[in-house]
Amino acid sequence: ISSLEGAGVFAVELFLTRDGQILLNEVAPRPHNSGHHTIESCYTSQFEQHLRAVVGLPLGDPSMKTPAAIMYNLLGEDEGEPGFKVAHQLIARALEIPGATAHWYDKPEMRRQRKMGHITLVGPSVGVLEARLKSMLREEGYENPNEVAPRVGIVMGSDSDLPVMKDAARILNMFGVSTEVRIVSAHRTPDLMYSYASSARERGIQVIIAGAGGMVASLTPLPVIGVPVRASTLDGIDSLLSIVQMPRGVPVATVAVNNATNAGLLAVRMLGIGDADLLARMNQYQEDTRDYVLTKAEKLRKDGWEAYLN
């Protein structure tokens, strides 16, 4: 790039050969089609960055401002008017999808495989966006644009765990985090457990809360929070010990016995790392909790302990 004495964004195309050589194929002194998603997905788009560099302004932050993004190129499906019709139908379906933005280049002539525009989808995970993209590309369109893919999966080995695990679901509902609750037994339905854990990421799940959770954690790259559920014997200590003694390389976070509430809160904090709205809600939750405790403390001070208890 230095040898070209240029300024701005450069797109460099390389080829990796079978024998391990890297070949320089093309250097384009401009923003590139493959980076058009940066308009919606990055703090500084490649177009703004190009202008900043050319006129000598400080460069902007190119990092992503959304957890995930997908760009779909609108290519000519047919010549002339039929091609325009297909493209406009696809844009109409895209506009029904949350997080989708359509860019139409207004080229006067439609030709097969000519790039006429692009659609960018942004959202909580690649899995969620891939599902939305597939819906957009189906001829019947996006059947339910208000449907929200689950971000947290809550799994348990039996419905006897539900009275405990429901507290995690209630917390997540309170924070507006989409959730799915499933019975997945590692002992009674191992095939179902394997399928669930191995497909969770592709389906858009970002965190899994599980009763124990060791087997699930061994099958997914997602963070797993284990809830030691109190059984009829051993008071839940057996479940707690099984979580904290997971072998190296298979991490499972844990909370106190039967404390699915904290599991839900921990999941919200994990998601909040890449979600400013959730982080703000968590901050408000902590302030509300503090105010609630201070209100009780003031009542105890004013009324005395006997009146307080009565």
Report summary line: Excluding residues fewer than 8 positions from Lys296 in its own chain, the aspartates and glutamates with Cα under 20 Å of it are Glu287, Asp288, Glu306
Query raised in the report: Relative contact order of segment 1-65: what whole-number percent is it, with Cα pairs under 8 angstrom and at least 6 residues apart?
Result: 29
Query raised in the report: Which cross-chain or sequence-distant (5 or more) residues have an amide H under 5 Å from the amide H of Gln206, H modelled 1.01 Å from N in plane?
Result: Val152, Gly153
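What percent does the relative contact order of the chain come to when contacts are Cα pairs within less than 8 Å and at least six residues apart?
For the chain, the relative contact order is 11 percent.
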Requested in this report: Please give the helix 80-94 orientation as an angle from the longest Cα principal axis of the chain, in degrees from 0 to 90, rounded to the nearest 10.
Outcome: 20
Report summary line: Mean separation of Cα contacts under 8 Å (at least 6 apart) over the residue count of segment 66-139, i.e. the relative contact order in percent, is 44
Query - Set of aspartates and glutamates near Lys134 by C-alpha distance (under 16 Å), chain-local residues within fewer than 8 positions excluded - result: Glu96, Glu143, Glu147, Glu202
**Report entry** segment 97-142: GluC sites (Glu not before Pro) falling in loop per DSSP and having at most 13 other Cβ within 10 Å
**Finding:** Glu109, Glu139, Glu140
Query raised in the report: Averaged per residue, what accessible area in Å² does segment 100-230 show with a 1.4 Å probe, protein chains only?
Result: 48
Report summary line: So the angle from the long Cα axis of helix 162-174 to the longest Cα principal axis of the chain, reported in degrees to the nearest 10, equals 50
Report summary line: Residues meeting the amide H criterion for Val227 (H placed from the backbone, H to H distance under 5 Å, 5 or more places apart or on another chain) are Ala210, Gly211, Ala212
Query raised in the report: Please identify the chymotrypsin sites (Phe, Trp or Tyr not before Pro) of segment 118-222 that satisfy two criteria: DSSP loop assignment and at most 16 other Cβ atoms within 10 Å. Which are they?
Result: none
**Report entry** Rounded tilt (10° steps) of 276-309 against the dominant C-alpha axis of the chain
**Finding:** 20
**Report entry** Surrounding net charge for Glu180, when Lys and Arg each add one and Asp and Glu each subtract one, Cβ distance under 10 Å
**Finding:** +3
Report task. Report, ordered by chain and residue number, the aspartates and glutamates lying within cross-link reach of Lys299, taken as a straight Cα distance under 13 Å and ignoring same-chain residues fewer than 8 apart. Result -> Asp291
Report summary line: Which of [x] 1.32; [y] 1.05; [z] 1.24 gives Cα Rg over 2.2 N^0.38 Å as computed here? It is [x]
Query raised in the report: Which whole-Hz ³J(HN,Hα) couplings does segment 58-70 yield from phi under the Karplus relation 6.51 cos²θ - 1.76 cosθ + 1.60, θ = phi - 60°, glycine and proline marked x?
Result: x, 6, x, 7, x, 5, 6, 9, 9, x, 8, 8, 9
Query raised in the report: Sequence-distant or interchain residues sharing an amide H contact under 5 Å with Ala11, placed H: which?
Result: Ala28, Arg30
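The values are calculated or read from the model by the stated rules, or taken from the named source; none is laboratory data. Just so you know, these numbers come straight off a predicted model, no measurement behind them. Note that we place each Cβ from the backbone using ideal geometry, even for glycine, and neighbour counts take in every protein chain shown. Accessible surface areas use protein heavy atoms only, side chains included; no ligands, DNA or RNA. Shrake-Rupley method; radii C 1.70, N 1.55, O 1.52, S 1.80 Å.
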